[in-house]
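Okay, structure first, notes after.
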């Protein structure tokens with residue numbers, strides 16, 4: 001059974017790498033969205049760079065801020081009282 005989980009990439013010991021990959025996916029998404037909107041909405045290179053940085057940093061720092069604000073709350077519902 002453990003070999004099947006390892007082949008599927010579902011081992012519980014991969015928690016740290018999953019968190020890193022979620023962060024990298026967030027950064028890649030912010031990069032692509034920032035690049036798309038900068039090229040779509042601005043004509044000058046300076047305007048494109050400025051808008052890209054605003055969108056990219058806003059999305060990455062906003063995501064980290066929301067994650068930090070959610071950190072104290074448990075992921076599972078509280079246990080019921082007996």
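Since every read-out is calculated from the coordinates, none of them should be taken as a lab result. In this text the structure is predicted, and so the values were computed from the model without any measurement. Cβ placement follows ideal geometry from the backbone for every residue including glycine, while neighbour counts extend to all protein chains displayed.
Computed values, structure above
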quantity: Residue order, fewest to most beta carbons within 10 Å, for 71, 29; calculated: 71, 29
quantity: Neighbour-count ranking [beta-carbon atoms within 10 angstrom, fewest first] of 31, 81, 52; calculated: 81, 31, 52
quantity: Stretch gain in nm, segment residue 61-residue 40, where the contour uses 0.36 nm per residue and the Cα spacing is subtracted; calculated: 5.3 nm
